[in-house]
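Structure first, then comments.
The values are calculated or read from the model by the stated rules, or taken from the named source; none is laboratory data. Keep in mind that this is a model prediction, so the values were computed, not measured. Neighbour counts run over all protein chains shown; Cβ positions are idealised from the backbone, glycine included. With ligands, DNA and RNA removed, areas are computed over all heavy atoms of the protein, side chains included. Shrake-Rupley method; radii C 1.70, N 1.55, O 1.52, S 1.80 Å.
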Amino acid sequence: MSETRDPRKTFGEAFLEAGQSTSNVVGLSADSCSGSGMGPFRDNFPERMFEFGIMEQGIIGFAAGLATTGKIPVFAAISPFVTARPFEMFRNDLGYMDQNVKVVGRSTGMTYSDLGATHHSLDDLTLTRIIPGVTVINPGDPVMIKKAVHAMVEHVGPCYLKIGMPPMPVLYDEETPFTLGKGIVRQEGKDVAVLATGTLLSKAVEATQILEEAGISVRLIDMHTIKPLDRELILDAAREIGRLVTVEEHYIAGGLGSAVAELCSQEHPVPIKMIGIGDFYAGSGPYEELLGLYGLQSEQIAESIKDFLSSS
């Protein structure tokens, strides 16, 4: 995992490509076009880029209106300000009205680390996945970010895509397929299934290597789509392995872990360990130090999984 790429720049490259191939794609920003990586699209298609002030609630409504005319609006801004702040508009204007709008939350999780809890987005999966009809995507490397952007633009219906801010390790080659709603089995194993998503996928990859060196066989699954869940992949792991671990940079309540537990409790109950943020406001500081403070570094994830296996 030596190569890293800026996720916002990667999103911007894919957004420009989508705009070049589909003339109905338009961009919307809340006074943060460049910070969201949309500068290249603006420079190439100034008549298709709409820059607003800091009025995210209104932008959601504007995007819904554009969608009724056949446009494909892509609205990108800091994650809590496109999910928590305009939640009612997201639910009603996009979800209830089933508008073909793509919302991109950037600097998600704790990746806007220095600005603290107001700029963290540890509840965005909860807020978006409970809205009927919204597709929720959380890619874990730059290659998948690009593929996810194209997939959501091609998909008809409201989507939420979340990306972080620090450089991300490249985990996939360009030929790896990406399909909305279908997870990726990165490696097979028989002792425990680890389901990871988004910014912590690379940490889960490293944790898996630590566990394998300790003689623990891990099935590692990249759950890049939170909704719709890959039910078949999860239930296969539950039936064949019987012990699941979820890893995410999100509150334990309402995120990937909750979604997996909801499914398994109804279809095939098994022990599940959820690794994420507890019921508190995360602090501010250097990003990697925050991950360590809350037990989300690779070695800590591996130790949590070992403890879970020894007690289950």
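List the trypsin sites (Lys or Arg not before Pro) within region 165-227 that DSSP assigns to loop and that have no more than 13 neighbouring Cβ atoms inside 10 Å. For trypsin sites (Lys or Arg not before Pro) across region 165-227 that sit outside H, G, I, E and B with at most 13 neighbouring Cβ atoms in 10 Å, the list reads LYS190.
Once both labels are positioned 7 Å from their Cα atoms along Cα-to-Cβ, the gap between GLU51 and LYS9 label points is 2.1 nm. Counting only Cβ charges, +1 for Lys and Arg and -1 for Asp and Glu, the dipole size of region 243-312 around its Cα centre is about 240 debye.
Counting only alpha carbon atoms, the long axis of helix 7-21 and the longest principal axis of the chain meet at about 50°. Counting only Cβ charges, +1 for Lys and Arg and -1 for Asp and Glu, the dipole size of region 1-160 around its Cα centre is about 180 debye.
Heavy-atom accessible area for PHE81, with the other protein chains in place and a 1.4 Å probe, reaches approximately 40 Å².
Once the 1.4 Å probe is applied to the protein heavy atoms, the chain comes out at 39 Å² accessible per residue.
Rounded if a/c is under 1.5, else prolate if a/b is larger than b/c, else oblate: which is region 1-148, with a ≥ b ≥ c the root eigenvalues of its Cα gyration tensor? Note, shape of region 1-148 comes out rounded. The simple Förster model, with R0 at 25 Å and r as the Cβ-Cβ distance, assigns HIS268 and SER217 a FRET efficiency of 0.80. Identify, among SER29, GLY105, ALA67, the residue whose Cα sits farthest towards the positive end of the charge dipole of the chain, taking +1 on the Cβ of Lys and Arg and -1 on the Cβ of Asp and Glu, with the dipole about the Cα centre. Positive-most Cα among the choices belongs to ALA67. Counting only protein chain heavy atoms and rolling a 1.4 Å probe, the accessible areas of THR199, THR4, THR83 rank, largest first, as THR4, THR199, THR83. Taken about its Cα centre, the chain carries a charge dipole of roughly 620 debye when the Cβ of each Lys and Arg holds +1 and the Cβ of each Asp and Glu holds -1.
Helical runs assigned H by DSSP (4 residues or longer) give the chain a calculated mean residue ellipticity at 222 nm of -11000 deg cm²/dmol, each run adding -39500 (n - 2.57) before division by the residue total. A 1.4 Å probe, protein heavy atoms only, puts the accessible area of TYR172 near 20 Å². Projecting the Cα atoms of ILE277, TYR294, ILE305 onto the charge dipole of region 269-311 (Cβ charges, centred on the Cα centre) puts ILE305 farthest toward the positive pole. Let me know the shape class of region 26-74, please: from the alpha-carbon gyration tensor, a ≥ b ≥ c as square roots of the eigenvalues, rounded when a/c is under 1.5, otherwise prolate if a/b is greater than b/c, or oblate. In terms of gyration-tensor shape, oblate. For region 1-87, GluC sites (Glu not before Pro) are listed when DSSP marks them as loop and at most 16 other Cβ atoms sit within 10 Å of their Cβ; the list is GLU3. Counting protein heavy atoms only, the chain has 51 percent of its accessible area on carbon and sulfur, 1.4 angstrom probe. Taken along the Cα-to-beta-carbon direction at a fixed 7 Å, the label points for THR176 and GLU289 span 3.1 nm.
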